[in-house]
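Written below as structure tokens is the structure these notes are about.
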Amino acid sequence: MDTDVPLSGELLLTMNICAFIGVIILSTTTGILKAGTTEHCVEPSESGSCRYCERGWFGNDCNDQCQNCNIGGCNQTTGICQQCSPGYYSINCSIACPLQCRESYGNTLCDRERGRCSDGCKPTWWGSRCENNCSNHCRNSICLYSDGSCHLGCEDGLYGIFCYKSCSTGCGNNTCYSNGTCLNHCNVGYYGPACDGNCTDQCIDRDCVLESDSDLPLCTKGCVRGWQPPYCKVSCKPKCTTCNDSGECLSCEGGYWGAFCQYQCSRNCVNNSCNSDGSCAGCRDGWYGTHCDTPCPVRQCRSCCQNNGTCRRCRAGDLDDAGQCVSAKSSWITVICITTASILVIVAVFMILFWKYRRTCRTRIEQLGRREDQNAHIEQEVGSFFLIILFFNKFSSSRCEIYHNDFFLHPCLSATIATC
């Protein structure tokens, strides 16, 4: 049952005293707690420690500052960062990231566990922590940070993932792709994708090229003498100097003819050489015909026309209008020579006789006693003189005859040659 009972004076006094004592106790307790904490404590606990610290501080009294921690600060008890500041890693975020890590927005980032660069490496470095230098053989010394391969290519003359292999010496401009195939054409004397094949010496100028549908290089300028095109790997037939791709001879050694140079030219051909069909380009003296196998029809003919055997030059004598070789005929030159020789002989005889006559007259008186002997002597001298004159006359006639033959030789030949 509820009844209103007025409070007595003693009870009221007792309650006021208790309230006053409680206020004093609470004030005292609060003062004690605040005396053990710092300004970085947000909420102290009843035990005297700080329940919550400001961000960036940790410890019972929030006296310790977090180190290299990013957003989220650190654990209030252990001081371990929730996240490291850019450029640091490890549990305590106390180790700086490698300097070779690529910067991102002005910061160097790496993972917290091992310090591996998060955004790759700066140029010329590679590795998980960018601890390795790129090869100097890489173009501009730049490589992939993941494995160090030269992704931009190699310096001239090198190839491969790491540019440690040399391009073939046959590559034009000494450049090739990463797989070794030449970037440009091959140098003369080499063939193939990597220009590492040597052209054969049987190619003219050792110049060859590898066609896409063949395993053998094709000699671009043809073969040297004696080898069969187009690859110049097979020699031509014996006596054959040049041949086509089917092996048939295009030209033969001197003295041979035929599709495979298997026949000998006629020995009556000039210089023992003939055309590809065996016909002679010219005949030796005394023969005519396509193969120079027929003697000239005129017996004394030295040479005759190859196509019809008409005599062009005689062994002795002249060539008449009928193409026959005849003895030299007399002419006005011969008459002049003989006449001149006769006149000279007569004059000489007359002078000798006149000299003898005068001499005889002078000595007539002294020689009267020896007339018979003197006459015999004169006769002997005159006989000798006539022998000399006869010899001179014969010699003069021979010279004139020779001159006559030479004089008429060329006109006769010209007329005869015109009939060939």
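The values are calculated or read from the model by the stated rules, or taken from the named source; none is laboratory data. The structure presented is a predicted model; accordingly, all values stated were derived computationally and were not measured. Every residue, glycine as well, gets a Cβ built from its backbone with ideal geometry; the counts of neighbours run over all protein chains shown.
Would you be able to tell me the number of residues in segment 259-295 that are among the aromatic types (Phe, Trp, Tyr), assigned to a loop (DSSP other than H, G, I, E, B) and closer than 20 Å to Gln306 by Cα?
So the answer is 0.
Within segment 167-175, is there a residue that is touching a Phe, Trp or Tyr at 6+ places or on another chain (Cβ under 6 Å) and either under 29 Å from Pro217 (Cα atoms) or assigned to a loop (DSSP other than H, G, I, E, B) (or both)? Break it down stepwise before answering.
To start, the set of residues in segment 167-175 that are touching a Phe, Trp or Tyr at 6+ places or on another chain (Cβ under 6 Å) comprises 167, 170.
Subsequent filtering for residues that are either under 29 Å from Pro217 (Cα atoms) or assigned to a loop (DSSP other than H, G, I, E, B) (or both) retains 167, 170.
Yes: one or more hits.
For segment 156-201, name all the residues that are aliphatic (A, V, I, L, M) and surrounded by 17 or more Cβ atoms within 10 Å (Cβ to Cβ).
First, the residues of segment 156-201 that are aliphatic (A, V, I, L, M): 158, 161, 183, 188, 194.
Listed by number, the residues that qualify are Leu158, Ile161, Ala194.
Quick one: would you say Thr108 is farther than 30 Å from Asn187 by Cα, among the polar types (S, T, N, Q), crowded, with 17+ Cβ neighbours inside 10 Å and modelled with pLDDT under 90?
Criteria met by Thr108.
In segment 68-88, which residue that is more than 60 Å from the chain's Cα centre (by Cα) and either in contact (Cβ under 8 Å) with a residue 60 or more places away in the chain or surrounded by 17 or more Cβ atoms within 10 Å (Cβ to Cβ) (or both) is farthest from Val42 (Cα to Cα)?
Within segment 68-88, the match that is farthest from Val42 (Cα to Cα) is Cys84.
What tally of residues in segment 104-117 results from selecting those that are in contact (Cβ under 8 Å) with a residue 12 or more places away in the chain and either touching a Phe, Trp or Tyr at 6+ places or on another chain (Cβ under 6 Å) or farther than 9 Å from Pro86 by Cα (or both)?
Qualifying residue count for the region: 9.
If you go through segment 40-57, how many residues are within 23 Å of Asn68 (Cβ to Cβ) and in a strand (DSSP E or B)?
6
Within segment 287-299, take every residue that is loosely packed, with under 15 Cβ neighbours inside 10 Å and at pLDDT below 90 and give me the one that is farthest from Tyr256 (Cα to Cα).
Filtering first and then ranking leaves Arg299.
Tell me yes or no: at least one residue of segment 236-258 is in a loop (DSSP other than H, G, I, E, B), without any contact (Cβ under 8 Å) to a residue 40 or more places away in the chain, over 34 Å from the mean Cα position of the chain (by Cα) and surrounded by 14 or more Cβ atoms within 10 Å (Cβ to Cβ). Outline the logic, then answer.
So the first thing to find is which residues in segment 236-258 are in a loop (DSSP other than H, G, I, E, B), and the list is 236-239, 244-248, 253-255, 258.
Okay, now just the ones that are also without any contact (Cβ under 8 Å) to a residue 40 or more places away in the chain, so 236-239, 244-248, 253-255, 258.
Filter once more, keeping what is over 34 Å from the mean Cα position of the chain (by Cα): 255, 258.
Restricting the remaining residues to those that are surrounded by 14 or more Cβ atoms within 10 Å (Cβ to Cβ) gives 255, 258.
Taking every residue of segment 236-258 in turn, at least one turns out to be in a loop (DSSP other than H, G, I, E, B), without any contact (Cβ under 8 Å) to a residue 40 or more places away in the chain, over 34 Å from the mean Cα position of the chain (by Cα) and surrounded by 14 or more Cβ atoms within 10 Å (Cβ to Cβ).
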